[in-house]
Amino acid sequence: MAVSPARRAAYEVLLRVFEQEAYADRVFRTAANGLDERERAFAQRLAYGSVQRVRTLDHAIETLGKRPVRKLDPPVRAALRLGAYQLAYTDTAPHAAANESVELVRRARLERAVPFTNAVMRRLAQGIHPLLDSLPEGPLKESYPDWISETFTRDLGPQAAIALMRAMNEPLETVVRLVRGDAPGEPTDIPGAYRVQRVDDLAVADGRIWPQSRGSQLAGLVVGSHDGDRVLDLCAAPGGKTSQLRGAVTAVEIDPNRSSELRANLAALGVTNVTVVEADGRALPPELDGFDRALVDAPCSGLGVLAQRPDLRWRASPLPELQLALLRAAAERVKPGGTVVYSVCTINAEENEAIVDASGLEAVPLGGEWPQFAHPRRPEFLLTLPHVHGTSGFFVGRLRV
């Protein structure tokens, strides 16, 4: 029996992510090469969904298969996870899910494991829905590490935490920023941001649009830079927010590969007001001083973009020490009376308002400018929430030096 190209691609993603610690999006680009648009969409749903839901899937496999997942051969583990996902979360016919999972194991030359795989798939077909329906609301049912669920519950409350986890298990809206030309889709509440059915790759290549969530675009807009300003942008790659900034922009990126990517993206977008500097944002060259404004889009746990990055929930970790060091470093290079925008794509008070409080900088209230995104507890800041706003989760604060 043949394995469909979409399932084969999804299986490759599962193997590489969990057995080789590869990144799902990078593996998928290679695994899905040559698929048509329909196959590619199905493969992505299977791959990303299986990676996101792996905790729940493993619970079902262990409960119904009666064998620890960690003791299975990697190809068997990946094939069962893929089959279980199809049974639990898609309308795939049970026999199709079972047959192709068995065939994947057979093609991995594990003939001895074929009867076990077949038996577990039959048990899953009969029992996975009752099992999942019986699970209490929480991180096992929604497939998150306990610490992420506890963070969301602490910062948002139990009901909102469940709603947030559910929202980030589903695709969010697709939004692009208009760089030049005609409106590419439906206008949104963010100037220049348009909701589209799919990203037009040709328009991206031509520099007419840039894929960028409303939450991300909001952070760039809050900087409020104008022609004539000198603007410092730390941790600038890949350049979406950088390309929103006006004035003379110095974009700092520590990684040479990401610096190259940043330069290429800015060139594709026709941006000419940015100078890229390869440096550690915590130890800037002395000549980088006297800026009017700064943007610190700091590395973070990424708990606001788990819908877009399916494997991130399994590798995420907070980075408060780095974030505070970057914010302080940027503030030292801004003129007195200037402003620093601190933004992170996470929903975690320890990486958000706690960093601003520790910096000692004065918050310039933003809730009045953007009331729909006002932070629920600290309205001087902004917080976009996937389950409320339909976009990626971003914290944004504007601070006076």
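The values are calculated or read from the model by the stated rules, or taken from the named source; none is laboratory data. Computed from a predicted structure; not experimentally measured. Neighbour counts run over all protein chains shown; Cβ positions are idealised from the backbone, glycine included. Just the protein is used for accessible areas: all its heavy atoms, side chains included, with ligands, DNA and RNA removed. Shrake-Rupley method; radii C 1.70, N 1.55, O 1.52, S 1.80 Å.
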Only one of (1) part of a helix (DSSP H, G or I); (2) under 29 Å from Arg377 (Cα atoms); (3) open to solvent by less than 10 Å² (accessible area, probe 1.4 Å) is not met by Tyr144, so which one is it? (1)
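Mind checking which residues of region 16-55 are assigned to a helix (DSSP H, G or I), of a type in the set (S, T, N, Q) and more than 18 Å from Ser101 (Cα to Cα)?
If the condition is that a residue be assigned to a helix (DSSP H, G or I), of a type in the set (S, T, N, Q) and more than 18 Å from Ser101 (Cα to Cα), then Gln20, Thr30, Gln52 are the ones that fit.
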Among (1) of a type outside the set (Ser, Thr, Tyr); (2) over 18 Å from Leu15 (Cα atoms); (3) exposed (fewer than 15 other Cβ atoms within 10 Å of the Cβ); (4) modelled with pLDDT of 95 or more - the single one Pro68 does not satisfy: (2)
Any idea which of (1) closer than 22 Å to Pro320 by Cβ; (2) open to solvent by 10 Å² or more (accessible area, probe 1.4 Å); (3) among the aliphatic types (A, V, I, L, M) is the one Leu366 doesn't satisfy? (2)
When you check Gly228 against the structure, is it touching a strand residue (DSSP E or B) at 6+ places or on another chain (Cβ under 6 Å) and at positive phi, yes or no? no
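For (1) within 25 Å of Ala41 (Cβ to Cβ); (2) open to solvent by less than 20 Å² (accessible area, probe 1.4 Å), each residue gets a yes or a no:
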position: Asp73; (1), (2): no, no
position: Ala78; (1), (2): yes, yes
position: Leu87; (1), (2): yes, yes
position: Pro94; (1), (2): yes, no
position: Arg106; (1), (2): no, no
position: Glu111; (1), (2): no, no
Within region 281-320, the residues that are within 14 Å of the chain's Cα centre (by Cα) and either more than 29 Å from Trp147 (Cβ to Cβ) or of a type in the set (D, E, K, R) (or both) are Arg309, Asp311, Arg313, Arg315
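With respect to Val341, is the statement that it is within 21 Å of the chain's Cα centre (by Cα), within 26 Å of Met168 (Cβ to Cβ), among the hydrophobic types (A, V, I, L, M, F, W, C) and crowded, with 23+ Cβ neighbours inside 10 Å true? So that I can check it myself, show each step before the final result.
Working: within 21 Å of the chain's Cα centre (by Cα): yes; within 26 Å of Met168 (Cβ to Cβ): yes; among the hydrophobic types (A, V, I, L, M, F, W, C): yes; crowded, with 23+ Cβ neighbours inside 10 Å: yes.
Judged against the criteria, Val341 is a match.
So that you can scan it fast, the table gives a plain yes or no per residue for (1) under 30 Å from Pro130 (Cβ atoms); (2) open to solvent by less than 40 Å² (accessible area, probe 1.4 Å); (3) of a type in the set (A, V, I, L, M):
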residue: Val13; (1), (2), (3): yes, yes, yes
residue: Ala22; (1), (2), (3): no, yes, yes
residue: Thr30; (1), (2), (3): no, no, no
residue: Arg38; (1), (2), (3): no, no, no
residue: Leu46; (1), (2), (3): yes, yes, yes
Among the listed residues Glu62, Glu37, identify the single one that is free of Cβ contacts under 8 Å to residues at least 60 places away in the same chain and under 23 Å from Asn118 (Cβ atoms). Glu62
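For region 68-83, which positions are outside any helix (DSSP H, G or I) and either hydrophobic (A, V, I, L, M, F, W, C) or farther than 13 Å from Ala113 by Cβ (or both)?
Going residue by residue through region 68-83, those that are outside any helix (DSSP H, G or I) are 68, 72-73.
Selection gives Pro68, Leu72.
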Checking Ala283 against (1) open to solvent by 30 Å² or more (accessible area, probe 1.4 Å); (2) of a type in the set (Gly, Ala, Ser); (3) under 20 Å from Tyr342 (Cα atoms); (4) assigned to a helix (DSSP H, G or I): exactly one of these is not met. Which one? (4)
Only one of (1) open to solvent by 70 Å² or more (accessible area, probe 1.4 Å); (2) assigned to a loop (DSSP other than H, G, I, E, B); (3) within 23 Å of Tyr48 (Cα to Cα) does not apply to Pro136, and that is (3)
Exception for Gly207 within (1) under 23 Å from the mean Cα position of the chain (by Cα); (2) part of a helix (DSSP H, G or I); (3) surrounded by fewer than 22 Cβ atoms within 10 Å (Cβ to Cβ) falls at (2)
Of the residues in region 211-235, how many are modelled with pLDDT of 95 or more and either in a loop (DSSP other than H, G, I, E, B) or of a type in the set (S, T, N, Q) (or both)? 10
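So that you can scan it fast, the table gives a plain yes or no per residue for (1) crowded, with 24+ Cβ neighbours inside 10 Å; (2) over 20 Å from the mean Cα position of the chain (by Cα):
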| residue | (1), (2) |
| --- | --- |
| Arg166 | no, no |
| Val179 | no, yes |
| Pro184 | no, yes |
| Thr188 | no, yes |
| Arg195 | no, no |
| Asp201 | no, no |
| Gly215 | yes, no |
| Val223 | yes, yes |
| Val231 | yes, yes |
Report, ordered by the first and then the second residue, all pairs with beta carbons closer than 6 Å, sequence separation of six or more or different chains, a first member in region 186-204 that is in contact (Cβ under 8 Å) with a residue 12 or more places away in the chain and within 21 Å of Gly270 (Cβ to Cβ), and a second member that is assigned to a loop (DSSP other than H, G, I, E, B) and not small (Gly, Ala, Ser). Tyr194/Pro184; Val196/Thr174; Val196/Pro184
